[in-house]
Each structure stands twice: as structure tokens, then as C-alpha cells.
Amino acid sequence: MDNNIRRQIFFKAILTSPIISVLSVAPIYLVYDYIVQPFSELWFKSLIGVLICWCVQTLLFSFFKKKGYPNWMYGIVMTLVVIFLLKFSNPFIFKVVPSLQSFDALTLFMLRFSITASMNFIIYLLLDLIYSREHRVQLVKENSLLQYQNLESDYKLLKVQINPHFLFNALNISKSLIHTQPKSAEKYIVQLSEFLRKSLNNQKKSIPLKMELEHCNQYVELQKVRFENAFEYWVDINEAHFGKHLPFFALITLVENAIKHNSFSEEEPLKITITVVDDFLWVKNNIKQKNGVVSTHTGLSSLNQRSKMISGDEIEIINNGQHFLVKVKLIEL
């Protein structure tokens, strides 16, 4: 039970207990004769009883909600509590209303039971109202937070998909090829347009590994036009894993991250290998840190959020100084 619910219960108990006490005491003065105690004194004693019921009900209600027990069990326990309260107050009631001694035992028990049970039932309804309203508020907050996180994740994904540096370099390569190799330029532009079309048209959170590999291959082919033999890319995956899903754009995010943060050449090429081990996609590259590049971890952070939403597992990052390895959980849908 959090502090907010405790405060609400406290204020509800303070506000409603006097009213419940009046409702439980007033019928006695309206129906029966020979009332020994004045109304204010009896009302005050009833008020104490109502506050005790609030405490008992709050403890029981919190316990049953926490354990998830069914309502019928709660009803049985509350019936036992009401009977105990009746037994405890048995000597007191005859001192207040002597004329009640003329009633037979069953009638008197039913009268007192109905009043005490009604009083506790009102308290139960108020407790259930507080818990239900707080639960709805919490659900709204969690839903709003999830919507915000989804929007933020989608925004980060869009930034990764339409990387300004990638587009800038791609357009420069296109411009250069048009003047020197018109046929290659035409092929490059077709590949670029196909890659952008797939990147922007996909509306799903996850994608089969086979399709993601095909999409990543397009990205790699575009990068090889720029880096030529300074960039090596190997895929060693059994076809049995091709139907498993991973977050869309996961592979491209990791390949782009490796290209962005490393310095490489034909003599010392960047080597990226992609394998699957124990239902985890491994993307591994050698490290030669590029000077002047400050990592914001935006791509990896976005991928981590999307992986957690889709599979329930966060990505695992291992950096031993020589190799950089990222593990992404694959799932069956």
C-alpha cells in the first residue's frame, strides 16, 4: 500500500466515520425506549467502534489485495470479524438499551448483526473505491509513460533510419559516380532508393531475421561503394534461425555504429561478423577507435528499448578493448 492510498484512507475515515456513527446510532433513539446514555455519548462510543473497523478492514483489505485472494474468502473473514465484534460488544448494548433484553436471542443477534455488517460493508465499499480509483490512475500513468516511451523510441528509430550523415555521404557518392561512372551511378541510386523505401515503409516493431539480413545487405552494398576493400562483412547463420524475429533496423544500427566509431583502411579493414548463438544474434567487430568521434549511445539505447519491448530481454554489450560485441535476443512469433 503506497503513501497516497494511506492518505486517502485516512481522510476518508476521518470524514465518513462521524456520519456512519450517526447512521448506526440514530435508529436506536428513533425506535426503542429506555435509552440510558445520551445521544452524544453513545455516538462518540460508536465513532470509536467505526474507527476500529476502519483499521481492521484496511489491514485485511490490503492483505487480500496483495495476496490476490478471491472476494469470497474476504467475505468469510469479514463475517467472522463482525461476529467477534458483536460478541465483544454484547455487555455494552444492554447497558445502553435495557429494553432490548426482552428480545429473543436470534432476533437480537440479527438486529445487531445487520447494523454492524452494514457499517463494515460501507467501509469496504469506500476502501474498494479508493483502491479502484488509484489503480485506474496508475494504469493511466503507466499507459501515458508507455506511449511516451514508444513515441520517443519511434523518434530515435526514425533518426537512425534517416541518418543525415548517411544521406549526405550517399548523395555525394551519387554525384561523384554520375560524372565518372554513369552506369554505376544508376545502379547505386536504384539501390539507395530501394533501401530508403524499405526503411520508411516498414510499420512493424519486429522483422524476421532473413528480411533484416537482406535489408542490411543492401546497406552494406551501399557502404562498400564508399569504403571498397576497407570494409569486410561476414554472415554465418543457420537457415533454421531465419524465421525468428528481432527489432526492425537492429542489424543496420549495429553495422552503422561500427562504421561510425572506427577508423579503418584497406591495410587494416573493419571486420564485422554476424552469427547466432543460443537464440542470440551476435554482431562483432574489431576496434580501432576513431579520433574526434563522441558517442551519444542514441542508436544502442533505442535498440535496447525496442529489444526489451519485443522480447523482454535487453541487449548485451561486451567491449574487451579489441572487439566490440552486441547480443540481441531472437524470438519466435
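Is it true that some residue in segment 264-271 is closer than 27 Å to Gly312 by Cα, touching a strand residue (DSSP E or B) at 6+ places or on another chain (Cβ under 9 Å) and in the same structural domain as Asn319 (by TED's automatic domain parsing)?
no
Pull up segment 304-333, narrow it to residues that are in contact with a Pro (Cβ under 6 Å, 6 or more places away or on another chain) and at pLDDT below 85, then point me to the one that is farthest from Gln149 (Cα to Cα). Give the steps one after another, and end with the answer.
Just the residues of segment 304-333 that are in contact with a Pro (Cβ under 6 Å, 6 or more places away or on another chain), to begin with: 306-307, 310.
Of the ones still in play, those that are also at pLDDT below 85 are 306, 310.
Details: Arg306: 10, Ile310: 13 Å.
If we take residues in segment 304-333 being in contact with a Pro (Cβ under 6 Å, 6 or more places away or on another chain) and at pLDDT below 85, then Ile310 is farthest from Gln149 (Cα to Cα).
Please enumerate the residues belonging to segment 241-270 that are of a type in the set (A, V, I, L, M, F, W, C) and not in a loop (DSSP other than H, G, I, E, B). Reasoning before the result, please.
Within segment 241-270, the first condition is being of a type in the set (A, V, I, L, M, F, W, C), and the residues that meet it are 242, 246, 248-252, 254-255, 258-259, 264, 270.
Matches in segment 241-270: Leu246, Ala250, Leu251, Ile252, Leu254, Val255, Ala258, Ile259, Leu270.
Given the structure, is Leu157 crowded, with 17+ Cβ neighbours inside 10 Å, under 19 Å from Phe249 (Cα atoms) and at pLDDT below 70? Don't jump to the end; show me each part of the working.
Numbers: crowded, with 17+ Cβ neighbours inside 10 Å: yes; under 19 Å from Phe249 (Cα atoms): yes; at pLDDT below 70: yes.
Criteria met by Leu157.
Would you confirm whether or not segment 209-224 contains a residue that is more than 36 Å from the chain's Cα centre (by Cα) and either charged (D, E, K, R) or within 17 Å of Phe280 (Cα to Cα) (or both)?
Yes, the conditions are met somewhere in segment 209-224.
Do you know which residues across segment 317-332 are over 20 Å from Arg306 (Cβ atoms) and surrounded by 13 or more Cβ atoms within 10 Å (Cβ to Cβ)?
Once the filter is applied, which keeps residues that are over 20 Å from Arg306 (Cβ atoms) and surrounded by 13 or more Cβ atoms within 10 Å (Cβ to Cβ), segment 317-332 yields only His323.
Hey, among Leu246, Leu254, which residue is within 18 Å of Gln322 (Cα to Cα), under 27 Å from the mean Cα position of the chain (by Cα) and in contact (Cβ under 8 Å) with a residue 40 or more places away in the chain?
Leu254
The values are calculated or read from the model by the stated rules, or taken from the named source; none is laboratory data. Here the structure is a predicted model, which is why all the values come from computation and not from measurement. All Cβ positions, glycine included, derive from the backbone under ideal geometry; neighbour counts span all protein chains shown.
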